[in-house]
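To start, the structure under review is shown below, and the notes come after it.
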Amino acid sequence: MTGHPLRRRLVWIVVALVFGVTAALAVVSAVALRSTLSDELDQQLELASERAATTPQGPPGSGGEHVPLGQAAGTVGVYYDDGEVVDAGYVDDAGKFQPLDAEQLAALEDLPQDGKIHTVELPGLGTFRAVTAHAPHGDAVITALSDDGITGTVGSYVTVEVALAGAGVVLAGVAATVLVRRALRPLDRVAVTARQVSELPLDSGAVGHIPRVPPALAAERGEVGAVGAAFNRMIAHVETALSARHESEQQVRRFVADASHELRTPLASIRGYAELVRRSPDEVPPAATHAIGRVESEARRMTGLVDDLLLLARLDAGRPLERAPVDLAGLAVDAIADAHAAGPDHVWRLDLGARPRPLLVDGDDARLRQVLANLLGNARVHTPAGTTVTVSGRRRGGDVVLSVADDGPGIAADQLPGLFQRFSRADTARNRTGGSTGLGLAIAEAIVHAHGGTIAAESWAPTWTFQAAASPTRERRNSREGTTFTVRLPALTAGAQVEHSPARAGSPTVAV
Ligand SMILES: Nc1ncnc2c1ncn2[C@@H]1O[C@H](COP(=O)(O)OP(=O)(O)O)[C@@H](O)[C@H]1O
Ligand SMILES: [Mg+2]
């Protein structure tokens, strides 16, 4: 029953209870038996003592004329005459009077002769109960009866009790195991269902049918049925809530997509008219030229923003991507060339290993280009001139790993966790006006995820530390600084058949 602590505990409780009760019963009944037998022995002793003191003595026995008549086997007697011991012995099993030895006699004589019953150990004969009585003529008689019979009886009684208790405990253990297992088995069903539910991807997307506890189990009376029914009610509630959430998410996405789409046309008009004015042959005052230039650049920025929003909304909606073999090495070469043209003040490096090979993935060429463009754009925009940016690409196991590493100022540690969130800008003050939207990394992440890949950021920001007060030079504590973005995508093995997503199942498969 490993792995079922409740069951084990229940069985142990039953076994412990049975053991405790039988042990208590055994102890109490053994004590009661012993005390009853002792009382009986004491009564017999009283009678024997009376008999010894009052009945006429028998004929001289084996060395004693005081041997009492009618005493049972095992009865010990010590007879005094004028304060002197005249005879001391016990009746043996054959009814003969056997003399006591000196030690045994001494033990008996040591007892207080007060008419009360005392326990005495007679060497060689065992434990006895003894009492002194005075015969009518004044002479004392000590009578003793063996206690060993009682000890033997109680002993065998306890032996039987222990055997019975052991059997009872084993039986209780077996019965409790079977019963507890049977009673708790329905809970296992509930646990299995709960585990199935916990493995469902409920955090996003449409929610299908969530498994329930079998209705027969939920309808059962008793605690397990109640748990099952409550579980099913909870699942129904969760299902409704998740569908409502999904529905409202879809609405918001549709709204964002529609809104961005609708904004593109007026933005194009604004740009067009601004350009028209700027190129107009008529004389335009310089202030107006400046203003028109600003209108144009802001309209361009807004177009970029709207395009980003539209793309994100489409990626959110889970629109199927174009799927074709894409060589990321080629993409990296193009991206580096573009970046070099856009940022001639940076140092751009490409590292595809000693023997460059195509880095094939199954994906959407335009979207993957955008990921690289966003990462390289960031390395250009968010680092000072002179920064070295290295794009490297490698096959790692079944993945293609692309990384964009710069040795710029890095990103503060507290900004890293939310870096891929929408509208997150690590350096708010610097970039709000400089064409920064805070959507670039969110888009890159959405595209990579849509390809079944991962993207991660590592950054080492400088931590300035003052040395001693005597030398006020500032030292950089970090040995390295800069930012590295790592994109990992499932590789497409050369020669493999490209499996297309169900949305494009109709198109022919492509052999690479
Ligand atoms: N290579 C980098 N070096 C330093 N900071 C960076 C780098 N890449 C991204 N960041 C920070 O992450 C923020 C988010 O980037 P991104 O989502 O592309 O938005 P945007 O570039 O539009 O600001 C940027 O605002 C910038 O502060
Ligand atoms: Mg960016």
>> Residues to consider are Ser248, Ser243; find the one that is outside the structural domain of Glu445 (by TED's automatic domain parsing) and surrounded by 13 or more Cβ atoms within 10 Å (Cβ to Cβ).
In response: Ser243
> If only one of Ala274, Ala287, Ala259 is small (Gly, Ala, Ser), over 43 Å from the mean Cα position of the chain (by Cα) and exposed (fewer than 11 other Cβ atoms within 10 Å of the Cβ), which one is it?
Replying inline: Ala287
>> Which numbered condition in (1) crowded, with 18+ Cβ neighbours inside 10 Å; (2) part of a strand (DSSP E or B) is the only one that Gln104 fails?
In response: (2)
> Which numbered condition trips up His340, out of (1) of a type outside the set (A, V, I, L, M); (2) in contact with a Phe, Trp or Tyr (Cβ under 8 Å, 6 or more places away or on another chain); (3) open to solvent by less than 30 Å² (accessible area, probe 1.4 Å)?
Replying inline: (3)
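Go through segment 273-283 and report how many residues are in contact with a helix residue (DSSP H, G or I) (Cβ under 7 Å, 6 or more places away or on another chain) and free of Cβ contacts under 8 Å to residues at least 24 places away in the same chain.
First pass over segment 273-283, keeping only residues in contact with a helix residue (DSSP H, G or I) (Cβ under 7 Å, 6 or more places away or on another chain): 274-275, 277-278.
Add one more test, that the residue is free of Cβ contacts under 8 Å to residues at least 24 places away in the same chain, and what stays is 275, 277-278.
So the count comes out to 3.
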>> Of all residues being hydroxyl-bearing (Ser, Thr, Tyr) and not in a strand (DSSP E or B) in segment 129-186, which is modelled with the lowest pLDDT? Just the residue, please.
In response: Thr151
> Which of the residues belonging to segment 357-377 are open to solvent by 40 Å² or more (accessible area, probe 1.4 Å) and either basic (Lys, Arg) or within 16 Å of ligand 2 (Cβ to nearest atom) (or both)?
Replying inline: Arg357, Arg367, Arg369, Gln370, Ala373
>> Looking at the structure I just gave you, is Asp307 outside any helix (DSSP H, G or I) and of a type in the set (Asp, Glu)?
In response: no
> Given the residues Arg195, Arg212, Arg189, which is the only one that is more than 30 Å from His449 (Cβ to Cβ), open to solvent by 60 Å² or more (accessible area, probe 1.4 Å), part of a helix (DSSP H, G or I) and not assigned by TED's automatic domain parsing to the domain that holds Ala450?
Replying inline: Arg189
> Are any of the residues in segment 116-123 surrounded by fewer than 17 Cβ atoms within 10 Å (Cβ to Cβ) and modelled with pLDDT under 85?
Replying inline: no
> Quick one: how many residues across segment 385-417 are surrounded by fewer than 18 Cβ atoms within 10 Å (Cβ to Cβ), more than 16 Å from ligand 2 (Cβ to nearest atom) and of a type outside the set (A, V, I, L, M, F, W, C)?
Replying inline: 11
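The values are calculated or read from the model by the stated rules, or taken from the named source; none is laboratory data. Just so it is clear, the structure is predicted and the values come from calculations on it, not from any experiment. FYI the Cβ positions are ideal-geometry reconstructions off the backbone, even for glycines, and counts take in every protein chain you see. When the accessible area is computed, the model is the full protein with side chains, heavy atoms only, and any ligands, DNA or RNA have been set aside. Shrake-Rupley method; radii C 1.70, N 1.55, O 1.52, S 1.80 Å.
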